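Following: one structure in structure tokens, then a few remarks.
The values are calculated or read from the model by the stated rules, or taken from the named source; none is laboratory data. These numbers come from a predicted model, not from an experiment. With ideal geometry, Cβ positions are generated from the backbone for all residues, glycine too; neighbour counts draw on all protein chains shown.
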Amino acid sequence: VEVAGDEVETGNTYDKYASKNPIERRLMDGFFAALDRSLPATSPRRILEVGVGEGEVTARLAARWPEATFVGLDLPDPELAQHW
């Protein structure tokens, strides 16, 4: 979580991927189902993800296409830097 110049909070404040809330779970399940439907059938050689966040999408794509090369970009986040 970062605070921008005007005291506007940006970034995630909780782990939406591990939420026990049934509404959030349904939303995330729908998101990943839509993502799966939009992906190509053939394995790409390279994948660029802009706005990596916690890396959940990257991890899922890497499991699907282990031979692909991944590059992820995001704004600097001290909490993520400590985790990784």
(message) So, restricting to helices (runs of 4 or more DSSP H) that lie completely within the chain, which ones have at least 1 residues that are loosely packed, with under 10 Cβ neighbours inside 10 Å, of a type in the set (D, E, K, R) and modelled with pLDDT of 90 or more?
(response) 22-38
(message) List the residue pairs whose Cβ atoms are under 8 Å apart, where the first residue sits in region 41-70 and is more than 16 Å from residue 31 (Cβ to Cβ), the second is surrounded by 15 or more Cβ atoms within 10 Å (Cβ to Cβ) and among the charged types (D, E, K, R), and the two are 6 or more positions apart or on different chains.
(response) 70/49
